[in-house]
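S.K.: Sharing a structure with you now.
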Amino acid sequence: MIADAGLARIDTRAIQPFAALATPMEAHPPLRLILRLDATDEAALRPALTAALGAALSRAMTRKIERVYWDTADGAIGRTGFALGLRRSGTRTSQRMLAIGERRMGGRTVRDVEAPITGGRPDLIRLALQPGVDPHEAGALDPETLVPIFAIETKRTVWRAEWHGTRLVIGFDAGMIRSPLGEQPVRQLTIDSEAGPGATVYELAREIWPALKAQLAEFDEVQEGYRLTLRPDWWPDATKARLDPEMSTRQ
């Protein structure tokens, strides 16, 4: 499957027999693969994607995105394995809660909850009403204790493709993580399986790998923001996260 040593050791042949089940695209959970890129990779990325995907690759769309993550001063929300942020692109602002408890090189499940809001602070009432969020847990947060702890400012280029039975979203982000304790550059490629077999993200990564100086990412950019703001060895508590988007109200 996938090993920390590098993408070359991924064996997609072990996954291929399951294709015979002919499972509908929507039945597969979304999967994300994150690659750290070298500064010289940006010029090589588009030709590599075109060579791999051909006519299936959509026209690129580029926009500036600013994300500000809010927490208590000691990172109480982050320590439960989740992050709460506001995302602004153009005139649109949305509130996002995403899981940051997975620490791994290779594919990770996508479990983001997002809703549009107005204003410049998190809306905890709207958070409590989002599907899958326990309103009692969300209501226990004190808005007076929440402060912006770090921001991520990037230029994001996105391509879409339907390839080998999977709808893919391919995003290249270049920018900076900013916190009161310092800054850290962001230069990464994400390959998301929006629908269909998740193994396709590995197949695409293997196709473009020879053209890039990429490395598998152990942390995503939000996890890196927490590591920059709190400490490098920071990690969420081992206990089950309380604000789990997949939990029912009863749970």
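Readers should treat all values here as calculations from the given coordinates under stated rules, not as data from a laboratory. Keep in mind it's a predicted model, so treat the numbers as computed, not measured. With ideal geometry, Cβ positions are generated from the backbone for all residues, glycine too; neighbour counts draw on all protein chains shown.
S.K.: Please list, short to long, the whole-number percent of alpha-carbon pairs of the range 114-193 in consecutive 10 angstrom bins beginning at zero.
M.R.: 14, 27, 33, 23, 3
S.K.: Then there's this: Taking only Cα atoms of the range 69-224, what ratio of Rg to Rh do you get with Rh as the Kirkwood inverse-distance radius? Can you show the working numbers first?
M.R.: Numbers: Rg = 16.9 Å, Rh = 17.2 Å.
Rounded to two decimals, Rg/Rh equals 0.98.
S.K.: Return the loop-located GluC sites (Glu not before Pro) in the range 129-230 (DSSP other than H, G, I, E, B) with at most 15 other Cβ atoms within 10 Å of their own Cβ; answer none if there are none.
M.R.: Listed in order of number, the matching sites are Glu218.
S.K.: Using 7 Å Cα-to-Cβ label points, what is the Ile125/Met61 separation (nm, one decimal)?
M.R.: Inter-label distance under the simple model: 3.1 nm.
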